[in-house]
Every structure is written in structure tokens, then in C-alpha cells.
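Report on one structure; see the data block that follows.
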Amino acid sequence: MAGQYSIDLRTNNGVFARLASWFTGGRLVTPDKGRINGPSSAFGRVGDYNISDTRAMQISAVWACVRIITNVVSSLPIELYRDSDEGKKPLESTHPLYLLVKRRPNRYMTSHDFRKAMNLQLALFGNAYALKTRNASGDVISVIPLQAPNVSVVLDDEGELWYVVERETGLEKYRSEDIFHLKGIGTSGLVGLSPIANSSRTLGVTIAMEDQQGDFYANGAKTPKILTTGEILSKQQREQLRENFQTIAEGPVRDRLWILEAGFDTRDVQISPADAQTLESRNFQVAEIARIWGIPPHLIGDVEKSTSWGSGIEQQNQAFIQYTLMEYFKSWESAIKLSLINDEVVDDRQIDVQHNADVLLRGDSKARSAFLKQMTSGGIYTINEARARENLPPVDGGDEIRIQVQNQPINEAPPESGASS
């Protein structure tokens, strides 16, 4: 694709900000002076085409990839445990962290709504930020999402990490203790790299193809024309002819009446199927976009080719978890332990966080039944633990570990019935 390739990487377009973006990893810029939690759009340019989060999300493959990651990661339960000498125990439902993560992160949204907003920004921008509020005891009791394009991360000369947020009234600085930060992959360790910025050329090709195809159908699906005549025209005649036919070509389809006289003829500008390859190119772009976000192509509707993600649904889901979703899980788990747990409370330092991805690997009822039978008969699960995985209530006596005894030394076998003593 012809044209200059340029991407603004910071919220601030100044020279210093551009230099600083090299250190912090960078992300696409917003042209707005947006609200701290208002509408905002990351923005860049590749050649003649604008690349933004808004425009990228209008590509169906991008929407599908981001939607799948956001919905799946947001729907999986986050389990909170407290480590002890007796093993892991579920965190008390009255604990501030439990209420924050599992119930209501702020008074405006549910836990699911909060996680969707954060995961969407993490998938698009490589970063997601939320402003924390603490109570008098130092426990975090509220987290409100910020717009990632409006946030810059700065490490000053004293080694203090600051988050500079663009608000209606100007820039406002927050200490790292006041921000809950989810990071994607990055070079600095301070911020993640934006998938949109670092894949802008691929997205630019897709946008160019969509725009050109849209122009083609908006023009009545008409190909360019060549007018021919055996006469030699003057410059004035050529200009008059171009003006007349340009008006016809650009008008409504129903008003395009071509009247040829004076020996004029018309023919289409032919493009060979090998040069066009419109459908093949569009399908290739779907696979390219799926590769950016690490999505198995069949999950976004590309089922024409065989997949290397596994032969069965369970194997494909396992690969999706390992190679794509695990990074999102770890981002959440490490950020919660670093930023939302009150280190001033000694007992809270033993809190552990883990996503429960078993729901993606449940398989069919036959496979689940065989798995649970094996785990309980082997003494790994109690009956109640197995029932809990099926959302069934506990039963009396179901908390004891049981094990089948089948193979034993022959000299320890019980005597047969009726044998002489």
C-alpha cells in the first residue's frame, strides 16, 4: 500500500511525548480532550487511511476477536483463596476484596460489567486502568475504569511511577498506588503494547479493501470505463467530454444515461481474476486478524481450512486457554495481588487469586462423568467437591476422602466364605 506510514503513540502529541513513547511502549493517540471516563478514540494513520479503535472495531473479524476475548475472560469466575497450613480455603464472603472482585467493584456497575470494560480495553489498547478508592483502613473499596488512550505512564528521575490522566479540567497526576493497571505484553514492563498500533499496517490493508469495495458497490458495481473514438480531439473538447461523463458517472445510478455519438465507443477496464482475488484476499485478512489476537480462526467463522489448534472441541479450547487466555488470566491475577490486597493486614498477604477455567473444558456429560468418577475414586476429590463442580448441593458425609481398594497383596486377601480356619 502506497503512502507514508505514521502512528502517533502517545496521548500528548508534543516532541517530548513522542520521545517518551519509545520508552513506555506507546499506544495510539486520541485527538480529543476527553473525559476521564467519557468517550475516547485511539487514532493513527497508515498512508491514506485512518486507523482507530472505532474504525478497527467496524471490521467484523476485529469485533469478533475482541468480543470473544472480552466475553470469555469476563465470564470465567475468579476464585479467591487464603493459604494456610491446612491448605487453600475460600476467602470469606464478607472480606473487602471478595466484595470488590465478586460483588460490586463500584456503585455504578456489576463485577461482570467492570470486567468487560477492562478486558475490552486490554484487548484493544494493551492496557486497562481503573482509579482506586480506599476506606480508612486502607482497603480498596471501589475501582472505576478509565479510558486507556487518556492515560500516560511516567517514571520520574526519583524512581516514582506516575499516571497522568487527561481530564476535562486538564491533566491530573496519580501515584501508582491509586491506579489498578492491567498490562499486555510490552518492552518496558510499565505499559503494554497496543495490538491496534502494532498491527496497524495489517488493519490498514483490510480497511483499504473494505473502503474500495464499498466505493465499488456505491458506484452501482460499475467498473471504470474507457471512451474511444477515431477522431482527434482538441484540448477543449477533451475537457468538455471529461466534464460531461464525470457528471454522469458520479450521479445516482438511476440517472446514468450514456448517450454516445460522433463515433464514440466505450469498453470496461478489465482486471483479471488473478489480479483481483477479492474473496481470497478478504479470507486471508480474516486469518491475519485472528493471528493478531491469537484466536482460533474457526471461532470467528473461518472454517474453510483445517485448524492446527486440535482435533476436538476440548483440545481446541485447551489450546485457546494456554496460548491466548492464560496471559489475560495472569494479568488479572497478578494485578489483583499487587494492587487490590491490603498489605498492611498480615493475614491478607496469604490471599491467592486464580481463574477457574474448568467451565471451558467440561466436555460432554459422558466425559465429565468419567473424569469425576476417576477423581473421586482416586481420592483426589471428595464427593462434595465433585458435586460442587456440577452446581449440586453438598450431602452428609461427602467431605471425606474415599478411595477404592481393589489391588492388594495376595497374602492380605480376605479368606473365602466357608473356608476352614
If a residue has to be at pLDDT 80 or above, of a type in the set (S, T, N, Q) and over 22 Å from residue 74 (Cβ atoms) to count, how many in region 345-398 make the cut? 7
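Just the residues that are of a type in the set (A, V, I, L, M) and touching a residue at least 40 places away in the same chain (Cβ under 8 Å), please, taken from region 125-149. Lay out the reasoning, then the answer.
Taking region 125-149 and keeping what is of a type in the set (A, V, I, L, M), we get 128, 130-131, 136, 140-141, 143-144, 146, 148.
Hits for region 125-149 are 128, 130, 131, 140, 141, 143, 144, 146, 148.
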Scan (1) under 16 Å from the mean Cα position of the chain (by Cα); (2) modelled with pLDDT of 90 or more; (3) small (Gly, Ala, Ser) for the single condition residue 334 breaks and write down its number. (1)
Out of 270, 212, which single residue is among the polar types (S, T, N, Q), at pLDDT below 70 and in a helix (DSSP H, G or I)? 212
Of the residues in region 351-375, those that are surrounded by 13 or more Cβ atoms within 10 Å (Cβ to Cβ) and within 30 Å of residue 131 (Cβ to Cβ) come to 351, 352, 353, 354, 355, 357
If I filter region 323-344 down to residues being of a type in the set (A, V, I, L, M, F, W, C) and in contact (Cβ under 8 Å) with a residue 40 or more places away in the chain, which single residue comes out as nearest to residue 118 (Cα to Cα)? 332
Do we find a residue being within 28 Å of residue 334 (Cα to Cα) and not acidic (Asp, Glu) anywhere in region 364-372? no
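Quickly run through region 74-103 and pick out the residues that are in a loop (DSSP other than H, G, I, E, B) and either under 27 Å from residue 324 (Cα atoms) or of a type in the set (S, T, N, Q) (or both). Quick ask: steps written out before the conclusion?
The first filter runs over region 74-103 and keeps only residues in a loop (DSSP other than H, G, I, E, B), leaving 76-77, 85-86, 91-95.
Hits for region 74-103 are 76, 77, 93, 94.
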Name the residue that is modelled with the lowest pLDDT, counting only residues in region 157-171 that are under 20 Å from residue 339 (Cβ atoms) and in a loop (DSSP other than H, G, I, E, B). 159
Being acidic (Asp, Glu), surrounded by fewer than 14 Cβ atoms within 10 Å (Cβ to Cβ) and touching a helix residue (DSSP H, G or I) at 6+ places or on another chain (Cβ under 6 Å) narrows it down to one residue among 139, 156, 83; which is it? 83
Somewhere in region 109-124, is a residue polar (S, T, N, Q), surrounded by 15 or more Cβ atoms within 10 Å (Cβ to Cβ) and free of Cβ contacts under 8 Å to residues at least 24 places away in the same chain? yes
Is it the case, given these coordinates, that residue 238 is more than 44 Å from the chain's Cα centre (by Cα), at pLDDT 70 or above and not in a loop (DSSP other than H, G, I, E, B)? yes
Scanning for something closer than 18 Å to residue 67 by Cα and either in the same structural domain as residue 349 (by TED's automatic domain parsing) or not charged (D, E, K, R) (or both), does region 98-112 turn up at least one residue? yes
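The values are calculated or read from the model by the stated rules, or taken from the named source; none is laboratory data. These numbers come from a predicted model, not from an experiment. So basically every Cβ, Gly included, is an ideal-geometry build from the backbone, and we count neighbours across all protein chains shown.
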